[in-house]
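Some notes on the structure that comes next.
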Amino acid sequence: MPLYLLVVVESHIELCAIFTIRSIQRNSNWLMEERLFASALDVCPLNAKVHYNIAKIAGDNNNKVLALYEYRKAIDLNPNYEQAMNNLANLLREDKKFEEAEVLLRRALDVRPNFAAAWMNLGIVLTNLNKTEEAEHCYKTAIMHRNKYPDCYYNLGNLYLDQKRNDEALQAWEMAVLYRPTHVAAWSNTLVLLDSMRDYEKVLELGTTALIHNPKSPALHFSIANTLGKVQQFEKAEGHFLEAINLNPGNALYHSNLGVVKGVTDQYADGKMAGVYKDFIGDTNIRTEHYKKFLLDMLKKKGCRRILDVACGTGIDSVMLLEEGFDVVSTDGSDKMLKYALETRWNRRKEPAFDNWIIREANWLNVYETVKDLVGDGFDAVICFGSSFAHLVDSYGDQREHK
């Protein structure tokens with residue numbers, strides 16, 4: 001073996017050995033720290049700091065029972081131990097013991113009025129107790145004492161969201177990510193709220209920035225994918241759904257929404273299915289009287305006159321309803337299918353009902369945006385017979401064989 005290669009190999013072995021030794025040392029340090037404080041109790045059983053340190057180690061190791069006991073012991077020994085009160089209050093809050101947590105946090109603030117973390121934690125507790133006005137004051141006081149406080153801005157934004165103060169919520173979360181660009185929860189809440197406000201352009205703009213700082217966040221990929229679907233950028237949406245699933249394979253919702261967005265992509269793009277549908281389903285004359293009576297009786301019984309048909313296909317149900325005097329707005333996700341509906345409207349344009357028939361292209365992701373100018377006082381009924389071949393006639397002619 002050449003000398004230089006031998007040196008490299010030996011150096012690599014030495015590095016591995018060093019890293020291994022350091023890992024063992026770190027583990028030993030943890031054990032030694034725990035043993036150290038346990039031993040300290042034998043020497044100083046009435047030392048509040050020792051009990052506090054044991055509680056903190058227990059909490060870090062998810063031993064909540066021991067942590068609760070030791071924090072209480074520390075406070076018993078030092079009634080002004082504000083950090084122990086704060087930490088104990090956080091554990092109690094996790095167990096939804098908000099009243100006791102509130103008392104402890106107020107005691108901690110009496111001891112140290114500029115304790116920013118305690119102010120924020122008191123705000124969280126008061127929010128859970130529906131004392132929202134005082135909670136807001138607590139958050140703002142925490143920020144006054146620690147102006148670059150991303151977690152506090154995040155919680156303040158959540159409070160504003162609950163109060164439907166959307167613009168203020170967005171501003172608070174903006175500050176959270178300004179001071180900590182890796183604050184995924186603040187980014188995620190921002191994107192979800194903007195999406196609910198239908199500001200899709202802003203979602204995609206901020207989402208790009210969020211992913212620069214948090215490329216491995218499945219929640220961010222998921223939010224962006226949902227918005228891309230709503231603006232019909234299905235291929236991009238699919239990519240982000242797949243990345244979210246890759247990062248969090250066990251999330252059922254990610255898989256579900258991926259399936260939806262894949263299905264939304266125009267399954268009739270080549271136009272062939274529209275022709276097959278037309279041949280098999282035909283026009284209203286092929287509809288059985290049984291089916292027609294069922295649908296019309298149900299709508300009339302409910303006093304429905306204005307109908308939104310959200311998956312009209314070739315327009316077969318919409319035509320039947322128009323002929324029966326209903327006011328109909330029709331949408332479908334396939335322009336190839338709608339071609340037949342538009343053709344029917346043109347051929348029967350001299351009939352007032354068909355001349356006024358509104359037909360628009362829309363899928364489930366953007367149907368509201370497509371028809372919102374037509375909503376007015378609302379629709380009496382929304383029908384969706386979008387599973388095309390559920391309408392195929394069976395051997396009896398009345399669909400009794402359909403499952």
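Throughout, read-outs are computed from the coordinates displayed, never taken from laboratory work. These figures come from a predicted structure and were not determined experimentally. Cβ sites come from the backbone with ideal geometry, for glycine too, and all protein chains shown count toward neighbours.
Quick notes on this one:
- 3J(HN,Hα) couplings calculated from phi for the range 119-133 with the Karplus curve 6.51 cos²θ - 1.76 cosθ + 1.60 (θ = phi - 60°) are, in sequence order, 4, 5, 5, 5, x, 5, 5, 5, 4, 5, 8, 6, 9, 5, 5 Hz; Gly and Pro show x.
- Amide H partners (placed H, <5 Å) of A311, local residues excluded: T331, F385
- Here the Karplus curve 6.51 cos²θ - 1.76 cosθ + 1.60, taken at θ = phi - 60°, turns the phi angles of the range 197-212 into couplings of 8, 6, 8, 5, 4, 5, 4, 5, 5, 5, x, 4, 5, 4, 6, 4 Hz, with x standing for Gly and Pro.
- Three-way shape label, the range 196-253, alpha-carbon gyration tensor, a/c 1.5: oblate
- Footprinting exposure proxy for E201, E82, E100 (fewest neighbouring C-beta atoms within 10 Å first): E201, E100, E82
- Magnitude of the charge dipole, the range 116-178, Cβ model with Lys/Arg +1 and Asp/Glu -1, debye to 20: 140 debye
- Sites N63 and S196, calculated FRET efficiency, Cβ-Cβ separation with R0 30 Å, nearest 0.05: 0.15
- Which listed pairs, of K292/K336; K202/K230; K64/K96; K96/K131; K96/K164; K202/K236, have C-alpha distances above 18 Å, in listed order: K292/K336; K96/K164
- With θ taken as phi - 60° and the Karplus curve 6.51 cos²θ - 1.76 cosθ + 1.60 applied, the whole-hertz 3J(HN,Hα) list for the range 347-361 is 5, 10, 5, 6, 8, x, 4, 7, 5, 8, 5, 9, 10, 9, 7 Hz, x standing for glycine and proline.
- Selection of trypsin sites (Lys or Arg not before Pro), the range 116-215, meeting DSSP coil and at most 11 other Cβ within 10 Å: K148, K164
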